[in-house]
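What follows is a set of notes on a single structure, which appears directly below.
The values are calculated or read from the model by the stated rules, or taken from the named source; none is laboratory data. Computed from a prediction, not measured in an experiment: that's the story for all the values here. Quick reminder, even Gly has a Cβ in these numbers, built from the backbone with ideal geometry, and neighbours come from all protein chains shown.
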Amino acid sequence: MTNAAPAAEPELISHPAHAQRRILRVLVASQILSGAGLAAGVTVGALLAQDMLGTTTLAGLPSALLTAGSALAAIVVGRVSQARGRRPGLATGYLTGAIGSAGVITAAVLDSPVLLFIALFVYGAGTATNLQARYAGADLAAPGHRARAVSTVLVATTLGGVAGPNLAAPAGTFAEHFGIPHLAGLFVISGAAYALAALVLALWLRPDPLLLARAVAQAREADAAANPAADGGDADTSEGTGGVVLGALVMVLTQLVMVAIMTMTPVHMHDHGHSTAASGLVIGIHIGAMYLPSPLTGWLVDRYGRMKMAAASGITLLTAGILAAAAPGDSVALLALALALLGLGWNFGLVSGTAIITDTVPLATRAKTQGLVDVSIAIAGATGGMASGIMVAATSYPALALTGGALSLALLPAVAATAYRR
């Protein structure tokens with residue numbers, strides 16, 4: 001039985017834009033918090049594993065595990081959202097991420113690699129939920145403004161995402177006062193941030209955007225049936241639907257390339273004598289580039305089309321890979337620029353791919369399908385994270401960066417083939 005939205009009041013159904021503004025404000029608040037939460041695994045996860053295991057070969061395993069955990073969480077969050085709405089789905093996901101953060105801290109105190117890996121798997125739920133929130137921003141958006149709605153939610157992650165990695169050093173010092181290893185300090189912030197994000201959504205994400213969107217769609221269908229001549233309100237103005245496969249491919253490839261290069265950058269910097277603060281700065285710039293350009297990206301996607309921006313994603317990622325490979329190991333500035341381009345390319349791919357998916361999937365199955373698409377994204381991230389450590393150990397960081405850049409070019413024939421079919 002389809003849930004009846006408690007927010008399906010006549011005035012909200014007639015004027016969903018009023019509810020959309022409130023929903024976006026609440027999502028922005030939760031994303032600022034969750035941005036700080038997801039930064040911990042990116043910044044110090046690989047370093048924790050390297051410190052415990054004494055080898056670089058498995059340094060990519062934490063990223064692989066947290067993204068594998070996010071794959072499972074994407075299914076659960078998608079299904080809960082489909083059945084009960086975005087609010088319980090997203091709140092549950094963030095709370096699970098907070099539990100995972102507590103597990104990582106415990107593993108660091110006990111010096112237990114096995115517990116660390118289990119906890120990172122659970123922690124991955126926060127990453128999945130942070131991404132799933134972008135769909136909630138688009139549920140009530142008009143077709144021609146979907147990418148901008150998605151980008152509003154994404155850009156909110158910037159504040160927490162940039163601040164989080166740069167708190168690595170002070171958070172580590174703070175943690176040491178309580179007998180917690182320095183590298184695990186950032187997970188203290190992560191756990192608190194995820195728990196607060198869950199609380200914000202549970203209390204204030206009302207009306208539920210997905211449930212209200214269904215009520216609005218049902219009301220419009222009823223009006224259209226009663227007044228056929230009046231039908232034709234909000235036509236879909238997107239650049240073709242493109243299909244679930246194309247939207248998923250764009251996001252999967254960008255995630256694979258981004259995670260692979262990003263995961264090994266702190267390890268690469270550490271091996272060249274850079275401090276945790278320096279790697280935190282580079283990752284902070286990277287995360288900022290992943291989310292800060294979102295408003296402009298959303299406007300470009302809505303204005304010039306999904307396909308053009310998907311192609312731009314592939315070209316930007318290629319440039320990032322070449323620069324990361326060419327950058328001297330002692331150059332923080334060039335590595336920061338390469339990681340900024342890596343984040344920007346990912347942003348282009350995520351916003352354009354999300355818009356394609358939202359254009360394509362009907363409301364009746366939207367949340368479930370979006371969750372399954374995000375599973376593919378998470379699996380791509382897990383593959384990139386795991387393979388990155390093995391590849392760097394076998395070859396080098398520049399070889400990894402060049403390979404990632406070359407893989408991103410696969411987006412171009414996919415986009416061209418879709419455009420040709422039209």
Quiz item: If residue 135 passes every condition in (1) within 18 Å of residue 91 (Cα to Cα); (2) surrounded by fewer than 24 Cβ atoms within 10 Å (Cβ to Cβ) but one, which one does it miss?
Solution: (2)
Quiz item: Quick check, is residue 270 more than 17 Å from residue 320 (Cβ to Cβ) and in a helix (DSSP H, G or I)?
Solution: yes
Practice problem: Would you be able to say whether some residue in the range 243-250 is at pLDDT below 85, not in a helix (DSSP H, G or I) and not polar (S, T, N, Q)? | Solution: yes
Quiz item: If we scan the range 227-239, do we find a residue that is at pLDDT below 90, assigned to a loop (DSSP other than H, G, I, E, B) and surrounded by 15 or more Cβ atoms within 10 Å (Cβ to Cβ)?
Solution: yes
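On the basis of being surrounded by fewer than 24 Cβ atoms within 10 Å (Cβ to Cβ), more than 19 Å from the chain's Cα centre (by Cα) and in a helix (DSSP H, G or I), does residue 95 make the cut?
Working: surrounded by fewer than 24 Cβ atoms within 10 Å (Cβ to Cβ): yes; more than 19 Å from the chain's Cα centre (by Cα): no; in a helix (DSSP H, G or I): yes.
No, not satisfied.
Residues that are farther than 28 Å from residue 141 by Cβ, in a helix (DSSP H, G or I) and touching a residue at least 60 places away in the same chain (Cβ under 8 Å): does the range 306-318 have at least one? Walk me through it before giving the result.
Taking the range 306-318 and keeping what is farther than 28 Å from residue 141 by Cβ, we get 318.
Among the residues that remain, those that are also in a helix (DSSP H, G or I) are: 318.
Next, only the ones that are touching a residue at least 60 places away in the same chain (Cβ under 8 Å) stay: 318.
Yes: the range 306-318 contains one or more residues that are farther than 28 Å from residue 141 by Cβ, in a helix (DSSP H, G or I) and touching a residue at least 60 places away in the same chain (Cβ under 8 Å).
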Self-check item: Residue in the range 408-422 that is surrounded by the most Cβ atoms within 10 Å (Cβ to Cβ), counting only those that are at pLDDT below 85 and either closer than 16 Å to residue 350 by Cα or in contact with a Pro (Cβ under 7 Å, 6 or more places away or on another chain) (or both)
Solution: 415
Practice problem: Tell me, please, whether a residue that is touching a Ser or Thr at 6+ places or on another chain (Cβ under 6 Å), surrounded by 19 or more Cβ atoms within 10 Å (Cβ to Cβ), without any contact (Cβ under 8 Å) to a residue 60 or more places away in the chain and over 16 Å from residue 143 (Cβ atoms) can be found in the range 340-349. | Solution: yes
Self-check item: Cβ pairs under 9 Å, 6+ apart, first in the range 167-195 and more than 15 Å from residue 38 (Cα to Cα), second among the acidic types (Asp, Glu) and in a loop (DSSP other than H, G, I, E, B)
Solution: 181/111
